[in-house]
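See structure below.
The values are calculated or read from the model by the stated rules, or taken from the named source; none is laboratory data. Since the model is a prediction, treat every value here as computed from it, not as a measurement. Counting neighbours? That spans all protein chains shown, and the Cβs are built from the backbone with ideal geometry, glycine included.
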Amino acid sequence: MASNYAVETKGLTRSFGDRDAVRELTLAVEPGEIFGLLGPNGSGKTTTVRMLLGLIAPTSGDAQVLGCDVRSASHKIRERTGALMEHDGLYERLSARENLRYFARIYGLPSEARKTKITELLRGIGLLDRGDERVSRWSKGMKRKLAMARALVHDPEMVFLAEPTAGLDPIGTREVRETIRTMARDSGKTFFLCTHNLNEAERLCSRVGVLHRGRLIACGRPDEIRASVSRPTVRLGLRGKNERMMAEIGALPFVKSVQRSGEEVAVELDDLKRTGDVVRFLAAQGADIYKVEPVHRSLEEVFLELVGEEQ
């Protein structure tokens, strides 16, 4: 029976000799979302995408992409998806328009449809007025955006992107991220992003999966993953605090730990809603409170903690 998910895997495994590059991967990606598969180099991200595109067969387990089995219907998957891997795959001696025309013909788009689609894509990436320039003259960021347009030229239902901003300067990175965000919003397509850039994933993805040594060690919204790894923490700026006051804060039933750093105190709570109770308690003790702010851990900090637990 076909899956209702854009991607669904169950126990997906790929071995090379006695090494499991991907091991028992089970996940589901909703249609229309930007999903991020995170992990350092060698974690199994590329192997996972190659299996999902039907380029290599799983050793065991099952996977469907857009309701198509990766073993028996891989040609249908590649017809209905686009992919931008580490290399742009562009012909630099051709112009941007000629590149898109070439790939549109490969996918069998009729002449008039090709013209319309190419104009639409060049406008969408902000390069319509430069469409007749040879690609070799372009910046890396411009080439990366054109490569994304190439992946969309046949109007796929889903797009796989591997390290889309690798090697780009800050301006190029921002432009490529905005292009992905705009395309996802305007087209309703599913985007499957593979990256070790955790800041990028946090900015773009509605949900992420963390892959480490071929195993999925966490999956969910970034805030859910943060919450699963650490308790909510509030940072307080206090003047005139003393050891007795610190001990009394730590003794509150909803406080899990207290750490001091100069005039600041980090209080780990069982629920961030108890912040007001901490403030009221300190005020009653005569504390001079000049700052109260929640501590937001980055996805990178959480990722490093998750990976550390798996060592």
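Condition first: surrounded by 13 or more Cβ atoms within 10 Å (Cβ to Cβ) and among the small types (G, A, S). Now tell me which residues in the stretch 68-93 satisfy that.
Those that are surrounded by 13 or more Cβ atoms within 10 Å (Cβ to Cβ) and among the small types (G, A, S): A73, S74, G82, A83, G89.
Tell me which strands (runs of 3 or more DSSP E) are completely within the stretch 207-311 and hold 1 or more residues being more than 30 Å from V7 (Cα to Cα), or say none if there are none.
Result: 233-239, 255-261, 264-269, 288-295.
Considering only the stretch 217-238, state which residues are in contact with an Asp or Glu (Cβ under 8 Å, 6 or more places away or on another chain) and within 23 Å of L161 (Cα to Cα).
I217, P222
Conditions (1) in the same structural domain as D271 (by TED's automatic domain parsing); (2) over 38 Å from the mean Cα position of the chain (by Cα), marked per residue:
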{"residue": "H212", "(1), (2)": "no, no"}
{"residue": "R215", "(1), (2)": "no, no"}
{"residue": "R226", "(1), (2)": "no, no"}
{"residue": "G237", "(1), (2)": "yes, no"}
{"residue": "G240", "(1), (2)": "yes, yes"}
{"residue": "M245", "(1), (2)": "yes, yes"}
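Restricting to the stretch 121-135, name every residue that is assigned to a helix (DSSP H, G or I) and either surrounded by 14 or more Cβ atoms within 10 Å (Cβ to Cβ) or touching a helix residue (DSSP H, G or I) at 6+ places or on another chain (Cβ under 8 Å) (or both).
L121, L122, G124, L128, R130, V135
Looking at the stretch 99-118, is at least one residue touching a Lys or Arg at 6+ places or on another chain (Cβ under 6 Å) and assigned to a loop (DSSP other than H, G, I, E, B)?
Scanning the stretch 99-118, I find no residue that is touching a Lys or Arg at 6+ places or on another chain (Cβ under 6 Å) and assigned to a loop (DSSP other than H, G, I, E, B), so the answer is no.
Quick one: what pairs do we get from the stretch 268-285, first residue over 11 Å from I249 (Cα atoms), second of a type in the set (V, I, T) and surrounded by 15 or more Cβ atoms within 10 Å (Cβ to Cβ), C-beta under 6 Å, 6+ apart or different chains?
So the pair list comes out as T275/V234.
So, of the residues in the stretch 8-28 that are surrounded by fewer than 23 Cβ atoms within 10 Å (Cβ to Cβ) and hydrophobic (A, V, I, L, M, F, W, C), which turns out to be farthest from the chain's Cα centre (by Cα)?
Checking each candidate, the answer is F16.
Yes/no matrix, rows are residues, columns are (1) exposed (fewer than 15 other Cβ atoms within 10 Å of the Cβ); (2) under 19 Å from the mean Cα position of the chain (by Cα); (3) within 15 Å of I77 (Cα to Cα):
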| position | (1), (2), (3) |
| --- | --- |
| A6 | no, yes, yes |
| P31 | yes, yes, yes |
| K45 | no, yes, no |
| G54 | no, no, yes |
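Can we say T182 is buried (at least 20 other Cβ atoms within 10 Å of the Cβ) and either modelled with pLDDT of 95 or more or not small (G, A, S) (or both)?
no
What about L84, is it in contact with an Asp or Glu (Cβ under 8 Å, 6 or more places away or on another chain) and closer than 20 Å to M183 by Cα?
no
Considering only the stretch 1-38, state which residues are more than 25 Å from T182 (Cα to Cα) and assigned to a loop (DSSP other than H, G, I, E, B).
Scanning the stretch 1-38 gives M1, A2, S3, G17, D18.
Search the stretch 62-98 for residues being β-branched (V, I, T) and part of a strand (DSSP E or B), and hand back the single one that is nearest to L146 (Cα to Cα).
T81
Can you find, within the stretch 148-177, the residue that is nearest to the chain's Cα centre (by Cα) among those that are within 30 Å of N4 (Cβ to Cβ) and part of a helix (DSSP H, G or I)?
Here the residue is R177.
Examine the stretch 57-69 for a residue that is more than 22 Å from L211 (Cβ to Cβ) and either in contact (Cβ under 8 Å) with a residue 40 or more places away in the chain or outside the structural domain of M183 (by TED's automatic domain parsing) (or both), and state whether such a residue exists.
yes
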